[in-house]
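Taking it in order: structure first as structure tokens, then the write-up.
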Amino acid sequence: MKNVLRDRAGFSLPEFLAYASISRAIRPYRRVPHFAIGIVLENWERKTSYVQAAVMFIDKRSDHRFQDHVKIFDENRSDHHIEAVMDMLQHKQTIIFFRSEDAIPEDLRFALDLVVKIEPPDIRQVRGVVRWGYKTKVTDDQAAALINCDWRRLKLAMTWGRPMPRVLAIVEKMVQAGAPSVTSAPSQTGEVLADIRLEDMEGYGDAKVWGLDLARDLDDWRSGKITWDDVDKGVLLSGPPGTGKTIFAKALAATCNAGLVVTSYAKWQAKGYLNDFLKAMQRSFQEARKNAPCILFIDEIDAFGSRDCGSTQNESYDTKAINGLLEQLDGLEGREGVIVVAATNNPHKIDAAILRSGRLDQQVKIPLPDLKARTAIFRMHLRGELDEGRCRCLAELSEGVSGADIQKIVRNAHRRARRLRRPVELADVLLYLPIPAQIPPETLRVNAVHEIGHAIVGVVLGMELVSVEISSRILLTTQNQPVGKATFGRRPWARRTKAHYLDAIAMGLGGMAAEQLLLGCHDDGVAGGRGSDLYDATRTAILLDRSFGMGDGLASLGDISEAPMIDVNRMDRSVLARVDKVLNEQLLRATEILERHRPACERLVDALVAGLELSGQEVLDALDADGRVEPRAVRSG
Ligand code: ADP
């Protein structure tokens, strides 16, 4: 900040704050001569301040020459505008502002070195900027007022030479007067869902049943028929991203006639140190209590992690954060009238204590929407512009997509229709549907061999196989779709010994072993990056050796489950050789198991190709027919 000219024309506190956010978000590019950066701005109404700040970032000494290096991208404007923005990329340094990630055209995204989302400044930043720029201190509350107030009004309040305390007094008055702040966070749900109630929503399965029951209980509690002890106090929603967990909380609040406080781990953490984090968390609970009955929605609850996942640098931060949350959930100050709805994409990562009775003891999965739900979601987002038959046709063609995907598809279709200056048509929506592709029979067989490999090795090693399945179709435009899976039951109380991990590695390599055995070689489906079988097995083998004292030595490098492989190798150059040995041994073990059960293996592959899904029991029966002697387990369901 020290090079920023304080008396630069047009610059006042909003621009300084914007400058601070931008330079923090794209700090690594500060000294880079060439870059093209996309900035997604949460508070679109503040774009003018951000553009001024971005121009300053590109050249601190410049006048307006650099204005055309910074552009606001308006996805609703003509193709000519889009081309003009594309042309900008020939400058050495370019910054383009977007309203949302979805608004970035595909081609442009590829051309950008970086796309960052800029959050509103946090309290610490504001205090720092005011101290630096105006040589005065502000309290946390004053800083919060500066963040939340209308920045256009703030500029007015900051008339030249007016002392800061006076500016703050004016801002406070504006806030007290309740003047609607045009800079308040934009509605994420869009106008279609602005007043949505749970009754009108589809695709929520058990979560909807739970929510409607809760609304009845709250009515009974209000009328004194039942006490607070009889009301469910919390629920954990889990499900893939985009299944509408956030919008669920909003609809639930409307149905329950209750207040709503929406927050997340990240929002609490934005305040910085542990103390600030805990205070921010307490404030959210206080706000919810003030508005009781109230739904307190906590997104990304898995970010709290688990206290028993090994020692990390952050352990004491995490532990204290979790303990702080437990204190709030247990409600030393009373939590009457506050229902906590927490959301996660990874329920297994959550500390068991958070899920205990009286806290988030109800767990509900939100699945990807089925045909009926997809029809309703299309209908809702199309606002009646296409009839029921067309909505159903779209739903039939969009198996496997989430509610958020549908919203995006419809938004793109609306945009296209607007450009063509006519109402939306079926063809507009069809254009943006992911393209389903039938998987050819040879590939289907390879996938079946792979999954049966996992299933048989797992069952023979005593794991509880629930089911094994493969897909016959994939959506070409959706990334990272699994083409098959073998699902095993979880055993939370199993002792995680060396044998347990070696079995897990052997099962993980079962797919590769089966491909080699039945097809002569494996393909790159098992290899490569994060999430692949070989990568996961390698990670487990490294942890076994370098974290859990289950390899040659005892010295532990701590929790290195997420550490880049290259760093682990730097820490211990011999680790990969040892890990390779473990992987080879387990691959051999998996291969031997499959060789012993080759006839069953072949029969099961045929059955899976034919039916696309087999239960654990069916796999067991096939192995029994072979006269298998190993231990086994199966779970119904
Ligand atoms: P999540 O929190 O699960 O990632 P969101 O609640 O943010 O998902 O959903 C993103 C958007 O997707 C919502 O604002 C809504 O427009 C749309 N959406 C998702 N699920 C549904 C649904 N069941 N019905 C209608 N719209 C949905």
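Before moving on, here are some points about what is shown:
- Rel. contact order, % - alpha carbon contacts under 8 angstrom, at least six apart, segment 402-484: 28 percent
- Separation of segment 222-250 from segment 352-431 is 22 Å, based on Cα centroids.
- Cα→Cβ-extended label distance, 7 Å offset, between Asn323 and Arg197, nm: 4.5 nm
- Stokes-Einstein diffusion coefficient of segment 191-365, Kirkwood radius over Cα pairs, 20 °C, 1.002 mPa s, in µm²/s: 131 µm²/s
- In a DSSP loop and with at most 13 other Cβ atoms within 10 Å, the trypsin sites (Lys or Arg not before Pro) in segment 360-419 are Arg383.
- Values of log10 I(q)/I(0), in the order q = 0.12, 0.20 Å⁻¹, for segment 371-435 under a Debye, Cα-only, solvent-free model: -0.23, -0.66
- Counted over all Cα-Cα pairs of segment 441-626, pairs farther apart than 25 Å make up 36 percent.
- Long-range Cα-Cα pairs in segment 328-385 (distance over 13 Å), rounded percent: 72 percent
- Filtered trypsin sites (Lys or Arg not before Pro), segment 551-603: DSSP coil and at most 12 other beta carbons within 10 Å: Arg573
- Distance between the modelled labels on Asp580 and Asp387, one decimal in nanometres: 6.7 nm (7 Å Cα→Cβ projection).
- Stretch gain in nm, segment Glu602-Arg473, where the contour uses 0.36 nm per residue and the Cα spacing is subtracted: 44.2 nm
- For the cross-link pairs Lys208/Lys349; Lys208/Lys365; Lys117/Lys267; Lys225/Lys290; Lys47/Lys155; Lys250/Lys290, the ones whose C-alpha atoms lie over 21 Å apart are Lys208/Lys349; Lys225/Lys290.
- The spacing between segment 530-586 and segment 125-171, judged by their C-alpha centroids, is 52 Å.
- Taking amide hydrogens as placed 1.01 Å from N in the peptide plane, the amide H of Asp361 sits under 5 Å from those of Gly234, each at least 5 positions away in sequence or on another chain.
- The Rg/Rh ratio for segment 363-479, using Cα coordinates for both the radius of gyration and the Kirkwood hydrodynamic radius, is 1.13.
Taken together, the values in this text are just the output of simple stated rules run on the coordinates, not laboratory data. Just so it is clear, the structure is predicted and the values come from calculations on it, not from any experiment. Neighbour counts run over all protein chains shown; Cβ positions are idealised from the backbone, glycine included.
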